[in-house]
1. At q = 0.26, 0.29 Å⁻¹, what is the log10 ratio I(q)/I(0) for region 312-379, with the Debye formula run over Cα points and no solvent?
2. For SER580 and ARG347 in the same chain, what is the full-extension length gain: residue separation times 0.36 nm, less their Cα-Cα distance, in nm?
3. For the chain, what mean projected area does the convex hull of the alpha carbons give, in nm²?
4. How high is the relative contact order of the chain? Use alpha-carbon pairs under 8 Å, at least six apart in sequence, and give a whole percent.
5. What's log10 of I(q)/I(0) for region 517-561 at q = 0.16, 0.28, 0.30, 0.31 Å⁻¹, Debye sum over Cα points only, no solvent?
6. At a Förster distance of 45 Å, what's the computed FRET efficiency of ASP391 paired with VAL81, Cβ-Cβ distance as r, to 0.05?
7. Equivalent ellipsoid semi-axes for region 307-347, as square roots of 5 times the alpha carbon gyration tensor eigenvalues: give them largest first, rounded to whole Å.
8. Sort 497-509, 208-220, 325-337 for me by packing, meaning the mean count of neighbouring Cβ atoms within 10 Å per residue, highest on top.
Amino acid sequence: MSTGSLLVGDLLLTILAAGGWLGGGAAAAVRRRGLARGLAALGLLATLARAITIAALARAGWWFAAEKVLIAAPLSLVAVVVAGPRALRPPGDIRAVAVGLLFAGYATSAGLLVTVLHGYPASAGTGLLAVAGVVAATVVTWRALGARPPRAASRVAVAVVVVALVTGTGLTAAAGGRAPSAPHAHDHPVDRIAAEPTRLFTLTAATATVRVSGRDVAAWAFNGQVPGPELTATVGDVVQVTLRNRDIGRGVTLHWHGYDVPNGQDGVPGVTQAAVLPGEEFVYRFRAEQAGTYWYHTHSVSDVGVRRGLYGVLVVRPQPPTGLDLTVPVHTLAGLALPPARSEQVRAGAPVRLRLINTDSTTHRYALAGTAFRVAAIDGVDLRGPTPLADTAVLIPAGGRYDLVFDAPPTPVALLVDGRVVFSTGPVSTATGDWPLLDPLRYGVPVPVPWSRYDRRFTLVLDRGLDLRALVPRYAHTVNGAADRDIPPQVVRLGDVVRFTIVNRSQVVHPWHLHGHHVLVLSRDGEPAAGSPLWLDSFDVRPGEVWEVAFRADNPGVWANHCHNLAHADAGMTTHLMYS
Ligand code: C2O
Ligand code: CU
C-alpha cells in the first residue's frame, strides 16, 4: 500500500473510531443498549486497527506518524483501557458506561484534531492541549449526564486541565516564537548587469478583454494578449525587459520561472523588489546564459495574477532554430483551455521540437501520438542519452517544461493535453488514455552524483494546519507545521552543497519550486534516481512521497522556495532560501 493511501486509510479509521465511541456513548446515555454495544464495538475495532496503520506509517517515515505515535496512540490506549471492558461486558444499566465511551470518543477526536489542525512536528504543547481538551470535555459530560463524579476525581481533573492548558499554550507559543524572522525586501542596490542590452522588450500589464474559443474573457494581460508575447533570445544575449503597469491595482512583477537570474532580477515582491503599481515601471536585465524553455509570470498576488493571464514564454536557443520549433504553453483561463488547437503541415523528415509548458497550478498529462519521440530536456536542461519513446504519456507538474523532439514522419502526428488535441499535422487516432507514463527518474543515462557530502540539510514537511497567526485565522497549507512568514528560512553559505528532503503528508499534490537554482534529484521514496541527471526547478511531490534533492548554493540572495500550486503558495506554503 502506498504511503498516500495509508494516510487516507488511517484518517478514515480515526473517523470511524471517533464516530463509534461517540455514537456508542450517546446511545448508552439514552439507554439504547443494542446500538450502544454495536457502535462501541466499531470504535474498539477501528482503534485497534490503527495500530497497524500507525506502525506502517512510522515505517514509511517518522514525519508521517510522529503525532500519531506520540499523541494519538497514548490517548487511544487509555481510551481502549477505559472503554474496552465497558463495551464488551456492559452492566445491567447501559447508561452507566456512557461517560466511559464518550471519554474514548473525546480521546480519539483529540488525536484526530492534532493530526488535522497541526500535524508535524508533534510538540509537547500540542499534546498537553489535547489532554486538557479531553479531560475538560469528560468532566462536562459527567456533570451533564447527572452522574456524580467522585469529588477527588473532579479536583484532579480541574488541576490537570489548568496545568495542561497553561504549559501547553506556553510551549506552543514558545515553539512559534523561535522562528527567525522571514526576509524582507532587501535594500541592496539591484544587481542588474551593466552590459548593453541586445534584446529589448516592453511588457505592459493591464486589464483586457481577450477572446478564447469564441468567448470574451475579462483577463489581466501583457500587451493585451494571453499568453503575453513570446520572449526569445540566443545564448549570450543581454535581455532587457521593461515592465509597465497600466491598471493592475494589486501590483505586478516579472519572475523568470526556472531562469537562474541574479537575485535582484527575480521579481518577487517584498523580497527582491517592491511590486510595480499602476503608472510605475521596472527594468529587468540579465544575461541569457542558459538555453532552454522557460516562462515568465507575475509574482504579485501570483495566484490570481497568473490565473487571469499575466504569464508568457521565455525561450533561449543556442542558435536559430531549424525545422519546426513550437512552444505549447498550456493554461486554463476562466475555465477555458489554452492554447486553441493548431494544425500545421510539416515536411517529412524535418526536425520538430515541441516545448511543452504547464502554466497552470495542477499537473497536466501530455501524449504525442503518431510518432516516436525523445524527451530532449526537462525544465530547460538537456537530458543525457534520452532514448526513443512511443505510446508513452508524460506528466508535467505545475510550472514544469518538457521538450519533445522527433523528425516529422510522413504520416500525421498529434499532441494531446489531457485528451484534447492542441497540435496536429493531420488526423490521428487520439486514443491515448491508457498509455503508460514516463518516469523521468528512470529515463536516459545516469552519471554519478557530483557530491558525496552535504554542508546543509533541510527537511520540509508539507501538510495542512491551522494558522492562528494570520490576520484572519485560516486553514493554511503548511511547511513543518507553520505558514509562510512563520516558516524559518533555510540559511546557507555561498558554496555550500545543500540537500533538501521534501515530504508530502497531505492529501494533495504539491509541485515544489525553488527560485534561482536547479536542484538535482537524488531519490524518490528512498529509490535513487536511475536515469539521466535530472536538474529540475519544478517537481510534483505526491501525497505520501519523499523526495531528496540537492544543489550547490551558487547564486546569492534571498530566494522564494514554494509550492507552485499558487493557491497553496498564497495560503501559507511559501518559504525562503537565504544566503548568510
Ligand atoms: Cu513560477 Cu515563485 O514561481
Ligand atoms: Cu501545494
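Just so it is clear, none of the values below were taken in a lab; they were calculated from the coordinates. Nothing here was measured: the structure is a model prediction, and the numbers come from that model. When we count neighbours, we look across all protein chains shown, and the Cβ atoms used for this are built from the backbone with ideal geometry, even at glycine.
1. -1.53, -1.63
2. 78.4 nm
3. 30.1
4. Computed value for the chain: 11 percent relative contact order.
5. -0.48, -1.12, -1.20, -1.24
6. Efficiency, from the Cβ-Cβ distance: 0.20.
7. The answer is 25, 16, 4 Å, longest axis first.
8. 497-509, 325-337, 208-220
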